[in-house]
Amino acid sequence: MEEQVKSIFSTISKRYEFANSVLSFGRDRYWRQMTVEKLALKGGEKVLDVCTGTGEMAFLLSEKLRKGGEVVGVDFCEEMLQSAQEKARKIGRKNLFFKKANALNLPFSSGSFDAVTIAFGLRNLTDRKKGLKELRRILKSQGKLAVLDFSPPSSGVTGKIHQFYLKKIVPLLGGLVTGKKEAYSYLAASIENFPSSEELKKIILASGFSSVSVYKFTFGAVSLHLALV
């Protein structure tokens, strides 16, 4: 499963950001900006962005901490990281670093970070509970975890529209943009099989966090879980 996920993302890395924008109707940046806002970083923090991909969240975090602080973005897909590193070099961000690493076994000592973000990546972990415990491990006392991800379709009319979009439109549009329809068929299936926001809240609490606040965006299609150590 892990190698399958890595292969999928390596094949779409060059068109990944554009595809995200198309499929979300340009809302993906807003969701990330809201995540950074809810983290309420004051400056000087050390922040880790897990499953950073091409670094979209990491760049927003580094902009927020441009007057003091450090952001590290990690991913296990080399092609994604190369895209992120190329952008970082062009922009010249001195407080932003990228490193290849697996979210289930992070190369950092316990209590290393003030905050951790994982945007649209928790779905792809082969062991979500282990991954969440690993994120808890590397956080300092009073640290914050932000989990931004898609929610599975709900019941009712809105849920049926959401489900139709996932099953029919996402693979079609994703395939047209990237030439890899199968990658977006996987994406749609991973969202449908993801826990509901309430179920995910329980899983995060069971992983050692003291509290979890849930924020929903775009008619509940996306949820942000903000957890405290």
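Read-outs: derived from the displayed coordinates by stated rules, not from any lab. From a predicted model like this one, the values you see are computed outputs, not experimental measurements. Glycine also receives a Cβ, built like all others from the backbone with ideal geometry; neighbour counts cover every protein chain displayed.
In what sequence do Thr218, Thr158 fall when counting other Cβ within 10 Å, fewest first?
In order of increasing Cβ crowding within 10 Å: Thr158, Thr218.
I want to check the label-to-label distance for Phe217 and Lys90. Put each point 7 Å from Cα in the C-beta direction and report it in nm to one decimal.
My value for the distance between the label points is 2.3 nm.
With all distinct Cα pairs included, what does the Kirkwood hydrodynamic radius of the range 11-91 come out to in Å, to one decimal, could you say?
Evaluated on the range 11-91, it is 13.2 Å.
Principal axis lengths of the range 104-229 from Cα atoms, whole Å, largest first?
44, 32, 19 Å, listed from the longest principal axis down.
Can you tally the net charge around Lys100? Count Lys and Arg as +1, Asp and Glu as -1, for every other residue whose Cβ sits under 12 Å from the Cβ of Lys100. Mind dumping the intermediate values first?
Values: positive: Lys6, Lys99; negative: Asp75, Glu78, Glu79.
Charge balance near Lys100 sits at -1.
Tell me which lysines have Cα within less than 19 Å of Lys38's Cα, excluding those fewer than 8 residues away on the same chain?
Output for Lys38: Lys46, Lys64, Lys67, Lys140, Lys144, Lys201, Lys216.
Within straight cross-link reach of Lys168, meaning Cα distance under 19 Å, which aspartates and glutamates are found once same-chain residues fewer than 8 apart are removed?
Straight-line reach from Lys168, under 19 Å: Glu182, Glu192.
Just the number, please: percent antiparallel of the DSSP beta bridges in the chain, rounded to the nearest 5.
The antiparallel proportion sits near 45 percent.
Out of every Cα pair in the range 1-144, what percent are spaced more than 20 Å from each other?
Distances greater than 20 Å cover 45 percent of the Cα pairs.
Which of Leu104, Leu132, Leu200 has the fewest other C-beta atoms within 10 Å, and how do the rest follow up to the most? Write down the numbers at each step before the final one.
Numbers: Leu104 15, Leu132 25, Leu200 21.
Starting with the residue having the fewest Cβ neighbours, the order is Leu104, Leu200, Leu132.
Lys and Arg at +1, Asp and Glu at -1: add these up for the other residues within a Cβ distance under 13 Å of Asp75 and post the number.
That sum, taken over residues with Cβ under 13 Å, equals -2.
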